[in-house]
4 protein chains.
Amino acid sequence: MKNTATLLITCPDTKGIVAAIAQFLYEHNANILHADQHQDAENNLFLMRVEWDLSDFNVAVADFEQAFGPVAQRFAMTWQLKLSEQKTRMAIMVSQYDHCLADLLHRHHSGELACEIPLIISNHRDTEKLAAFYGIDFHYLPMTKETKSEVEAQQFALFDRYQIDLIVLARYMQILSPEFVARYPQRIINIHHSFLPAFIGARPYHRAFERGVKLIGATSHYVTEVLDEGPIIEQDLARISHRDQVEDLIQKGRDLERIVLSKAVRWHIEHRILLYANKTVIFD
Amino acid sequence: MKNTATLLITCPDTKGIVAAIAQFLYEHNANILHADQHQDAENNLFLMRVEWDLSDFNVAVADFEQAFGPVAQRFAMTWQLKLSEQKTRMAIMVSQYDHCLADLLHRHHSGELACEIPLIISNHRDTEKLAAFYGIDFHYLPMTKETKSEVEAQQFALFDRYQIDLIVLARYMQILSPEFVARYPQRIINIHHSFLPAFIGARPYHRAFERGVKLIGATSHYVTEVLDEGPIIEQDLARISHRDQVEDLIQKGRDLERIVLSKAVRWHIEHRILLYANKTVIFD
Amino acid sequence: MKNTATLLITCPDTKGIVAAIAQFLYEHNANILHADQHQDAENNLFLMRVEWDLSDFNVAVADFEQAFGPVAQRFAMTWQLKLSEQKTRMAIMVSQYDHCLADLLHRHHSGELACEIPLIISNHRDTEKLAAFYGIDFHYLPMTKETKSEVEAQQFALFDRYQIDLIVLARYMQILSPEFVARYPQRIINIHHSFLPAFIGARPYHRAFERGVKLIGATSHYVTEVLDEGPIIEQDLARISHRDQVEDLIQKGRDLERIVLSKAVRWHIEHRILLYANKTVIFD
Amino acid sequence: MKNTATLLITCPDTKGIVAAIAQFLYEHNANILHADQHQDAENNLFLMRVEWDLSDFNVAVADFEQAFGPVAQRFAMTWQLKLSEQKTRMAIMVSQYDHCLADLLHRHHSGELACEIPLIISNHRDTEKLAAFYGIDFHYLPMTKETKSEVEAQQFALFDRYQIDLIVLARYMQILSPEFVARYPQRIINIHHSFLPAFIGARPYHRAFERGVKLIGATSHYVTEVLDEGPIIEQDLARISHRDQVEDLIQKGRDLERIVLSKAVRWHIEHRILLYANKTVIFD
């Protein structure tokens, strides 16, 4: 596995940006592995992701900010540098619906998700054995309306203790408080079991069944203060027919949820997602 | 082309329905070509479509009601008999967006749609030549807020004169009056350029773009009194990315609209659709 | 869970079959839950699947053959009766590629697959712990060219001992001997990691990559004597682009394989598959 | 419509390529609209497409080769410069199957395909009126085994006379001679009605039906000397079931063929396709 650096850039669009970045990387002997950019003409925005092999690169990571500073300032860039050796530390929150959890854990186990998963939190005990099987710490934190703020405080403490960078709601079935959401901006990914913006809120499969749609969907998105309104990362759909009952929708939906959530997680931990205007740009 | 009869049945679900229908058809020497049924346990409903070759059938069409009456009464059936030789007479209403119209006309021309298309109505002159090319009467009926009810009366007169059974809104871009809708129940098919119930109403592609969805859709449905709330006949979706601008959504959407509308039309004219509880059952 | 019976019928197509079957079931007070039939005009074949609730049915299972005999003989039917309480006993054969195995086990655990899984056989030890987690007997049977027939004999003995009805090759990566295949007709399901008939044989993802296809596929099928030529049960595809390397194809393919294999298994154990002319009819 | 230039580049991959190109464009005041690149590590290849607005660009088109020469030579580039104002001149060859032709003509008419279509050639008269409707010259050139080389010579003369850049086989149903193919390298696009490499050659829908596949496909590709083996541009698939007869496959396939062929044509005329190793890179 190569040790690579990934630079994510957002700035106003103008002439010369790519030339400046490419020249900087060339001068410092970077071997570029992937580069992708996007221009939004309407918003006059330039976004870029560039990944290079660190082995020949002649700027130490500690000195990167100083070295890249002049380029960044010239174009008023917002930027982040991510290193492949610094793996994202992910916590998974789950209810008794364990299909997304089991899927994420198996993908992680088989090497498909290059992150650490040190922590699983649930308001049910159902997934405790599965967590143990994969050797992951499991914390059982049941919650009532009354204890919500207290339990969330415990959750925050766990996130701190385990140095969590990303929180994945793998069918957690609880609405986070505004404080929770505000504390982890662009660091909470949820799976919603409908094709958003259709069927926002509770019981989407039941409402899809009642409406008589011909396809059901699933949507992974970053969690923001407004329920199910955060930036969409990935969506997919499956065909249904009049022969499908609600139970069939739920079953078919599980396959969608697994795939749609796992893609969002993978793109996040590989630093492939940039956000603007409540939308995602996926550099896949 | 065989001359066939298609029987569509809806009734409360109980034991013995299929036995009675199958026995009736057998006794009268029907050669069954297709049979499909659906049971809705929750609503206690039985729905069936059965199509048979009329060549050996020993009941004259004129006598069918009398012959089948006892079976229908025993099970409290709502039923319709459709003959393949009595082709649906379809009118198409269109604006200047002609892609669905051109598609329907070409499909009809190539034999894919077994119906008559004697009439095209538009509030623009753009499609007049296309209508002429296919030898179809074209009526130009522009409309303002003030003339709406007067123009709709002209449209009703045309539907009467041309003996129209089915009205297809092929991107007509006008909202029909409640009188119009009430006059042709389950006989108006619309194409909406979103995945309903997402983006009900105007400018769905623009709103899909703003929301940042990862797939765009199209929906064909029967028109009812509530805008975009009628029974869904067919839906489909296409993947988009951040590289797609609104114009790209519109272009990709055209392919969806063509396919989704043409399927709805075909299923309707082949008598494959049954309606209940604001949903469609498609016997395809 | 209702105790139901499922009758699968194949016979020459003629008039009166449905009437006779429906009458038989009605006379014996069967509450039909699902019925579906298919006619193949070219081959003059009639195929049917009918499932009913056994609670009111007035024929004992032991007497069914005698009671139904006259109907079956009249139409020269080949038929099978399956009871929902007699669950299929499934063995899974697997290599070190464990994604399909993990998927099947999780689906079984969560109630999606109504069968027994008493036995897992592998030529690698990698999946032994996973088998133990789900409480399933695991047999490690490595194999060389020289020991193949001897090891297969051990496998047959295990299938006998565990009273196996269905053998699922969940990426087993070994070619079964003709004796093995002949011993379990229509009882071995394989997952092939391509869209058959494209890329029959070894290394399909590598060959798909070399050919430059724009979609990759997976196919589940019954195993017959000719490699990858058995009746196809299910297929699906995923889009790829020039940005995808072979490793990406393999990763994307795993999702296809999981879904395509699990559908085949579910349809088989729910007695939804009929075979003729090297094809499957899926009554879903 | 902006007047833009598109530069397509292929060269061995090494450090500094993007920096050099971006610097060249920046120095000459190019306003970059789109840029996309691809690296093939295995083949050590770098491919790039960059499109810029010509309005501020300070190199005259006539001088581009000289100005860009040093960059091109330094990296041993193969390159092409395409101007949006120089539209591709496309000839369509067609049999009596006119659905792809009608689709391409309507898309062109509605502005979706930014090319010229001065010429239609057919071995049948069926599409003559359609050509006339869109005001395109139609040449009827029937062909027998004996007259093939003579008729192809007439076709070459027509391509010369109409200054044709791209030949689209829109279900032409004739195999081109090796001379024909060799004369127009990477300038002939065909639509094959299967998911290549499955069902190479004649009657693919019939063979798909016989094999019992669960999805049918269509493939657009550049024509090379080996039948159906040229670089694949686009593919798509549609689900079928046992209820579909060959005629249904043909009908469903027509929708695939239209979409898959029109995408290939659009990408070609927008200079989005680069070729290497018998594969296409699509910069969409």
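The values are calculated or read from the model by the stated rules, or taken from the named source; none is laboratory data. Since the model is a prediction, treat every value here as computed from it, not as a measurement. Neighbour counts run over all protein chains shown; Cβ positions are idealised from the backbone, glycine included.
Brief remarks follow.
- Single unsatisfied condition, residue D:62 versus (1) more than 11 Å from every other protein chain (Cβ to nearest Cβ); (2) under 28 Å from the mean Cα position of the chain (by Cα); (3) in contact (Cβ under 8 Å) with a residue 12 or more places away in the chain: (3)
Matching residues to (1) surrounded by fewer than 18 Cβ atoms within 10 Å (Cβ to Cβ); (2) of a type in the set (Gly, Ala, Ser); (3) out of contact with any helix residue (DSSP H, G or I) (no Cβ under 8 Å at 6 or more places or on another chain):
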position	(1), (2), (3)
A:132	yes, yes, yes
A:141	yes, no, no
A:147	yes, no, yes
A:150	yes, no, yes
A:156	yes, no, no
A:159	no, no, yes
A:176	no, no, no
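- In region A:234-248, of all residues being facing chain B (nearest Cβ under 8 Å) and surrounded by 17 or more Cβ atoms within 10 Å (Cβ to Cβ), the one that is nearest to the chain's Cα centre (by Cα) corresponds to A:234.
- The set of residues from region C:23-44 being over 20 Å from residue B:283 (Cβ atoms) and either in contact with a helix residue (DSSP H, G or I) (Cβ under 6 Å, 6 or more places away or on another chain) or in contact (Cβ under 8 Å) with a residue 60 or more places away in the chain (or both) comprises C:23, C:24, C:26, C:43.
- Hey, residue D:223 out of contact with any Ser or Thr (no Cβ under 6 Å at 6 or more places or on another chain) and surrounded by fewer than 21 Cβ atoms within 10 Å (Cβ to Cβ) or not: no
- Which numbered condition residue A:139 fails, given (1) assigned to a strand (DSSP E or B); (2) within 30 Å of residue A:7 (Cβ to Cβ); (3) not β-branched (Val, Ile, Thr): (2)
- Filtered residues of region C:226-262 (kept if charged (D, E, K, R) and more than 21 Å from residue D:209 (Cβ to Cβ)): C:239, C:243, C:244, C:247, C:248, C:252, C:254, C:255, C:257, C:258
- Whichever residue in region D:139-175 is within 19 Å of the chain's Cα centre (by Cα) and of a type in the set (Phe, Trp, Tyr) and, among such residues, is nearest to residue D:226 (Cα to Cα): D:172
- Residues in region A:182-202 that are over 24 Å from residue A:86 (Cα atoms) and of a type in the set (Val, Ile, Thr) were compared, and the one that is surrounded by the most Cβ atoms within 10 Å (Cβ to Cβ) is A:191.
- Lone qualifier among A:146, A:150 - being farther than 30 Å from residue B:196 by Cβ, of a type in the set (D, E, K, R) and outside any helix (DSSP H, G or I): A:146
- If you filter region C:249-284 down to residues that are assigned to a helix (DSSP H, G or I) and within 14 Å of chain D (Cβ to nearest Cβ), you find that the one that is farthest from residue C:36 (Cα to Cα) is C:249.
- Only a single criterion out of (1) touching a strand residue (DSSP E or B) at 6+ places or on another chain (Cβ under 9 Å); (2) of a type in the set (D, E, K, R); (3) over 30 Å from residue C:99 (Cβ atoms) is not satisfied by residue A:85, namely (3).
- Filter result for residue B:216 (over 30 Å from residue B:86 (Cβ atoms), touching a strand residue (DSSP E or B) at 6+ places or on another chain (Cβ under 9 Å) and among the aliphatic types (A, V, I, L, M)): yes
- Test set (1) modelled with pLDDT of 95 or more; (2) over 21 Å from residue A:272 (Cα atoms) - residue A:56 fails condition number: (1)
- Residue D:49 satisfies every condition listed in (1) over 19 Å from the mean Cα position of the chain (by Cα); (2) basic (Lys, Arg); (3) closer than 22 Å to residue A:38 by Cβ except (1).
- Of the residues in region B:46-61, none is closer than 30 Å to residue B:152 by Cα and part of a strand (DSSP E or B).
- Looking across region A:94-127, the residues that are more than 10 Å from chain C (Cβ to nearest Cβ) and not hydrophobic (A, V, I, L, M, F, W, C) come down to A:95, A:96, A:108, A:116, A:118, A:122, A:123, A:124, A:125, A:126, A:127.
- All of B:47, B:54, B:8 fail the test of being within 13 Å of chain C (Cβ to nearest Cβ), surrounded by 14 or more Cβ atoms within 10 Å (Cβ to Cβ), in contact (Cβ under 8 Å) with a residue 24 or more places away in the chain and of a type outside the set (Gly, Ala, Ser), apart from B:47.
- All of C:80, C:86, C:66 fail the test of being in contact with a Leu (Cβ under 6 Å, 6 or more places away or on another chain) and either under 23 Å from residue C:273 (Cα atoms) or not β-branched (Val, Ile, Thr) (or both), apart from C:80.
- Inter-residue pairs, beta-carbon under 6 Å, first within 18 Å of residue D:267 (Cβ to Cβ) and in region D:79-100, second modelled with pLDDT under 95, 6+ apart: D:84/D:3
- Residue in region C:170-210 that is nearest to the other protein chains (Cβ to nearest Cβ), counting only those that are farther than 15 Å from residue C:250 by Cα and assigned to a helix (DSSP H, G or I): C:181
- Residue among C:119, C:130 that is touching an Asp or Glu at 6+ places or on another chain (Cβ under 9 Å) and either in a strand (DSSP E or B) or of a type in the set (Ser, Thr, Tyr) (or both): C:119
- Every pair of residues 6+ apart whose Cβ atoms lie under 7 Å, when the first sits in region B:208-228 and is closer than 18 Å to residue A:260 by Cβ and touching a residue at least 12 places away in the same chain (Cβ under 8 Å) while the second is assigned to a helix (DSSP H, G or I) and aromatic (Phe, Trp, Tyr): B:216/B:205
- Subset of region B:229-240 (residues that are part of a strand (DSSP E or B) and in contact (Cβ under 8 Å) with a residue 24 or more places away in the chain): B:232, B:233, B:234, B:235, B:236, B:237, B:239
- Every test in (1) assigned to a loop (DSSP other than H, G, I, E, B); (2) within 25 Å of residue D:110 (Cβ to Cβ); (3) in contact (Cβ under 8 Å) with a residue 24 or more places away in the chain is passed by residue B:243 save one, and that test is (3).
- In region A:211-220, the qualifying residues are those that are facing chain B (nearest Cβ under 9 Å) and assigned to a strand (DSSP E or B), and the one that is surrounded by the most Cβ atoms within 10 Å (Cβ to Cβ) is A:219.
- Selection over region B:11-44 of residues that are in a strand (DSSP E or B) and more than 11 Å from every other protein chain (Cβ to nearest Cβ) gives a count of 2.
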